[in-house]
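Here is the structure we will look at, set down as structure tokens.
The values are calculated or read from the model by the stated rules, or taken from the named source; none is laboratory data. The model shown is predicted, which means the values in this text are computed figures rather than measured ones. Glycine also receives a Cβ, built like all others from the backbone with ideal geometry; neighbour counts cover every protein chain displayed.
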Amino acid sequence: MSTFAFPSMPIKAKPNPDWSSLDPVQVKRGCLGDTRPSDPSTPLRIFYEHPRGHLVTGDAIAWLNQLDAASVDLIVADPPYNLQKAKWDRFATEEAYLTWSLEWIAAARRVLKETGSLYVCGFSETLADLKRPALRWFADCRWLVWHYRNKANLGRDWGRSHESILHLRVTPAFRLRLDAVRVPYGGHTVKYPARTQARTSCFGDGRSRAPWVPHPAGAKPRDVLEYPTTCNGMGERTPHPSQKPEGLIRHLILAASDEHDLVIDPFSGSGTTVVAAQQLNRRWIGCDREPSYHAWAVRRLETLPNRSIADWLDHDRRAASHRDGIR
């Protein structure tokens, strides 16, 4: 059995404290469970427990090696980028960083089910070096682009307006949940909603086809996902230096998992993946080396508004519509 199996009995919910008034060390002492070491040099500790999951403090690879094989439905990983932003983000060389990256990706593959998949966030120039060697453990990969428009260009080079996300699938048994992440149709489609494919079209194969009718839930999703980076004014924002937006992570989770599936994040930071999993009625586990980041995650989990999945989807649609309206 895995050391980090979910508890079989529900855990009694704790009162909602004022996390803003607590020191991270106090939060840790208040939520700490038993010590579960992988080896003497990398102790793993349960930081916080919830009826639907828990947070672990410790090394990502040591933690992944403790989990049962083929026990996880989805991994959302936002690892260090080697940008020297913090102690955990510093590697001696780019080669050392790539070697470490392949080590944790191999450990992640071991715990995924045959129907599972792994998202890896990063800059395109780094993921380009990781994709081919990572495919030795996966059957397929799709390259996604996270596009944002709200970052200033403070340098004297091309301004960055995107990051990339590898979506690695364990076997062909993986299926993308298209209907869960459909997007609004463009204006032309809405204006002319039903049409017949012309015989001369390069997509028509010279044959007559039945009239096409738009799907009631919207268009199939594209591989470019537009969400703004977290910034001042967003209630979800924490002091974490590389926090991803909740809307982006909700989109990724919806596309690659079902309700009650197990979603994990080996670099959970301020908790965006576990928060999004909680919002979407998934089970979750997060791991990070920094207890202070877990404290921010706990505060977010304990103060989540009570909304249905449909409410969260509507929230994201209204936010996207608002952004389009002010451009």
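The table for this structure:
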item	result
All positions within the range 150-170 that are out of contact with any Lys or Arg (no Cβ under 9 Å at 6 or more places or on another chain) and over 23 Å from Arg317 (Cα atoms)	Ala152, Leu154, Gly155, Arg156, Asp157, Trp158
Residues (touching a Ser or Thr at 6+ places or on another chain (Cβ under 7 Å) and surrounded by fewer than 18 Cβ atoms within 10 Å (Cβ to Cβ)) located in the range 154-179	Ala173
Residue in the range 139-149 that is under 23 Å from Asn65 (Cβ atoms) and in contact (Cβ under 8 Å) with a residue 40 or more places away in the chain present	no
Selection from the range 257-294 of residues that are in a helix (DSSP H, G or I) and touching an Asp or Glu at 6+ places or on another chain (Cβ under 8 Å)	Thr272, Thr273, Val274, Val275, Ala276, Gln279, His294
Index of the failed condition, Ala310 passing every other in (1) in a helix (DSSP H, G or I); (2) farther than 27 Å from Tyr185 by Cβ; (3) free of Cβ contacts under 8 Å to residues at least 12 places away in the same chain	(2)
Matching entry among Arg318, Arg283 (being touching a residue at least 40 places away in the same chain (Cβ under 8 Å) and among the charged types (D, E, K, R))	Arg283
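Conditions tested, residue by residue: (1) under 20 Å from the mean Cα position of the chain (by Cα); (2) in the same structural domain as Val111 (by TED's automatic domain parsing); (3) modelled with pLDDT under 80; (4) within 24 Å of Ile309 (Cα to Cα).
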residue: Leu144; (1), (2), (3), (4): yes, yes, no, yes
residue: Ser164; (1), (2), (3), (4): yes, yes, no, no
residue: Leu168; (1), (2), (3), (4): yes, yes, no, no
residue: His188; (1), (2), (3), (4): no, no, yes, no
residue: Lys191; (1), (2), (3), (4): no, no, yes, no
residue: Ala194; (1), (2), (3), (4): no, no, yes, no
residue: Ala198; (1), (2), (3), (4): no, no, yes, no
